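The values are calculated or read from the model by the stated rules, or taken from the named source; none is laboratory data. These numbers were taken from a predicted model, which means no experiment stands behind them. Cβ coordinates were reconstructed from backbone atoms using ideal geometry, including for glycine residues, and neighbour counts include every protein chain displayed. Each accessible area value is taken on the protein alone, full model and side chains, heavy atoms only, with ligands, DNA and RNA left out. Shrake-Rupley method; radii C 1.70, N 1.55, O 1.52, S 1.80 Å.
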Amino acid sequence: VSSYSQKVFSLTPSTTYYVRTYAVSSDSVTYASDERTFSTNVGGGGSASTYTFTNAGATGRLGPTQTQVNTAYASTSLDGEVTIHTRGIQEWEVPASGQYEIELYGAKGGSIGTHTGGDGVNLKFNVLLNQNESMRIVVGQRGIGAGEGSGGGGASFILHSPYTTEQSIIAIAGGGGG
């Protein structure tokens, strides 16, 4: 056999693994003399960290402030990692290069009386991200019911630098109707 490949799952992040090939015959096992290594990273295969971005308790048409984000993300994997330069837009740097699984939800529309707001779009996908890549994340907020009607839910967005082109869009999940 000139080459062999095998996918390996459930590896531990930030770990170095050592691999050596071997052959088994009816009376012995022979190990290759060369040992190979590879390392996993936070965004790579295995039990990677979870980063859960929220609206940090913000309501209405404006997104969260830095204070709301600091409070909401205290003691989580995002503690001290998210900044707000423009209210409602959460900025975050990717901690390690690798494949990330993303679940993105548009917010539910507002309800009033017997009318229930529509659900937002739910997306789940994998994307390759690079270490130190700057991301902007907007988490849609639920629509508000008032007077004779209710507002639609906010869309959720994930963008990467330079933020000014269509190619900057990683995903958009629309909000539900009010």
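For residue 97 and residue 75, what is the calculated FRET efficiency with R₀ set at 25 Å and r taken between the beta-carbons, to the nearest 0.05? Working shown, then result.
Details: r = 26 Å, r/R0 = 1.04.
For R0 = 25 Å, the calculated efficiency reads 0.45.
The local environment of residue 55, defined by Cβ-Cβ distances under 14 Å, has a net charge of +4 under the rule Lys, Arg +1 and Asp, Glu -1. Counting heavy atoms of the protein chains alone, residue 111 has an accessible area of about 50 Å² for a 1.4 Å probe. On a per residue basis, the range 88-178 carries 52 Å² of accessible surface, using protein heavy atoms and a 1.4 Å probe.
In the assembled protein chains, residue 108 presents an accessible area of approximately 60 Å² (probe radius 1.4 Å).
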